[in-house]
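Take a look at the structure below.
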């Protein structure tokens, strides 16, 4: 099963990632406290590369793409591990886009999140949806700090102590059912009065995110499919 998941994830990367060619494998210097986590990442990436190469057979173009994806993933994992603590005032300047969906985090600064794991790595999400996906995919890592934007002021606050609102008439980011965080309970109650929804804890909000994951993923795929179709039709007009 693990081998199958590696093959599926690698195939998705081959289809979706368009990268410049690399002359050779990059090398990275990692501080002593992070070497164990870096070694784990390299081991997984090497296994992923091996599965990709096996899938390619003797196809040189495919093997080259495997190498490009591997190097790109290595660069991302290095940046994720060595990013350090975030500048909470303008973290989107350090991490302008969500690594999972590619959405602009400054544009969605009212919903953005920042996860800081116990191995020193960081995941800059555009929304609770993408944060939940990353948390589920990193079961061996413990999130030491989970930050989320205050819906009104946009500053990063502790997601676990924030007051959340689930639902309402404003669609969420990467989700149909909105899930918003507020620094003050009074602000959350004012939002509910204007837009509907219900008060929730962080645990309840992230549970709702997982409950919505299937339908939200279908919705996102359909939207992207429609957008691609429109782009393909545009030159003919």
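Bear in mind that the values in this text are calculations on the coordinates, not laboratory data. Just so it is clear, the structure is predicted and the values come from calculations on it, not from any experiment. No Cβ is skipped: glycine too gets one built from the backbone with ideal geometry, and neighbour counts run over all protein chains shown.
A Förster distance of 41 Å, applied to the separation of the beta-carbon atoms of residue 79 and residue 232, puts the FRET efficiency at 0.75. Across all C-alpha atoms in region 93-236, the radius of gyration and Dmax reach 15.7, 52 Å. As a calculated quantity, the FRET efficiency between residue 152 and residue 214 at R0 = 45 Å, using C-beta atoms, amounts to about 0.90.
With neighbour counts taken as other beta-carbon atoms within 10 Å, the residues 65, 230 rank, fewest first, as 230, 65. Ranking of 27, 209, 41 by neighbouring Cβ atoms within 10 Å, starting from the fewest: 27, 41, 209. Distance between the 7 Å Cα→Cβ label points at residue 53 and residue 144: 3.5 nm.
Exposure proxy shown here: for 148, 165, 30, 133, the number of other Cβ atoms within 10 Å sets the order, fewest to most, as 30, 133, 165, 148. Legend: calculated FRET efficiency, residue 39 to residue 207, from the Cβ-Cβ distance at R0 = 30 Å, rounded to 0.05, equals 0.35. Centre-to-centre separation between the Cα atoms of region 165-223 and those of region 59-82: 35 Å. Residue separation of residue 193 and residue 29 scaled by 0.36 nm, minus their Cα-Cα distance, works out to 53.8 nm of gained length.
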